[in-house]
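The values are calculated or read from the model by the stated rules, or taken from the named source; none is laboratory data. In this text the structure is predicted, and so the values were computed from the model without any measurement. Note that each Cβ is placed from the backbone with ideal geometry, even for glycine, and that neighbours are counted across all protein chains shown. Ligands, DNA and RNA are stripped out before the accessible areas are found, and what is left, the full protein with its side chains, is counted by its heavy atoms. Shrake-Rupley method; radii C 1.70, N 1.55, O 1.52, S 1.80 Å.
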Amino acid sequence: QQPRILGLDVGDRRIGIAISDAFALSAQPLLTLTRSNRRNDLRMLERLVRKHEIAEFVVGHPLYMSGDISPQAAKTAMFAELLREEFKLPVHLIDERLTTTEAHRHLDTVGYATRRKAVIDQVAAVLILQSFLDARANETAAL
């Protein structure tokens, strides 16, 4: 069994969190963390790291469509650096430009109109983590 990976969709108010399966093949929604302050956010993430034996983080990086760094992307990069310092684990920033749009489309497809706010961040985190897992699997297959 491989160590697991946490995928994070970091926003100002919430962090959507997804986790890889035991074989690092697929991403599942875990929870949505309502942010309060940096210390509490890190404490909650620390519990998840211990409980699920997390080995690395994948954080969505919300660049502008042009590829330029948005204000939110700058905040996310700072949060990723904070994770690196706090947990001494690898943290991967993944381009997530279309993730939220894709998450909404996915929820529309499955007819999930109610409680959308409660799950949209988790769905986005799943898409971020799944794209990372797929890219890693493709790299491995190419070797």
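What the table shows:
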quantity: ³J(HN,Hα), Karplus 6.51/-1.76/1.60, whole Hz, each residue of the range 14-27, x for Gly, Pro; calculated: 9, 10, x, 10, 10, 10, 7, 6, 5, 9, 6, 9, 9, 10
quantity: Measure of compaction for the range 5-82 (Cα Rg per 2.2 N^0.38 Å); calculated: 1.12
quantity: Anisotropy class of the range 1-50 from Cα gyration tensor, a/c 1.5 cut; calculated: oblate
quantity: Distance (nanometres) between label positions extended 7 Å along Cα→Cβ at ASP21 and ARG39; calculated: 4.0
quantity: Amide hydrogen neighbours beyond the local backbone of LEU63, cut-off 5 Å, H modeled; calculated: GLU96, ARG97
quantity: Alpha-carbon centroids, the range 6-35 and the range 56-77: separation in whole Å; calculated: 16
quantity: Low-density loop cleavage sites - trypsin sites (Lys or Arg not before Pro) in the range 1-70, where at most 13 other Cβ are within 10 Å (DSSP); calculated: ARG13
quantity: Probe 1.4 Å, all protein chains present, accessible-area order of LEU129, LEU25, largest first; calculated: LEU25, LEU129
quantity: Under Karplus coefficients 6.51, -1.76 and 1.60, residue-wise ³J(HN,Hα) of the range 77-82 in Hz, glycine/proline x; calculated: 4, 5, 5, 4, 5, 4
quantity: Long-range HN-HN contacts of HIS92 with modeled amide H, under 5 Å; calculated: PHE57, VAL58, VAL59
quantity: In the range 1-100, chymotrypsin sites (Phe, Trp or Tyr not before Pro) in a DSSP loop with at most 14 other beta-carbon atoms within 10 Å; calculated: PHE23, TYR64
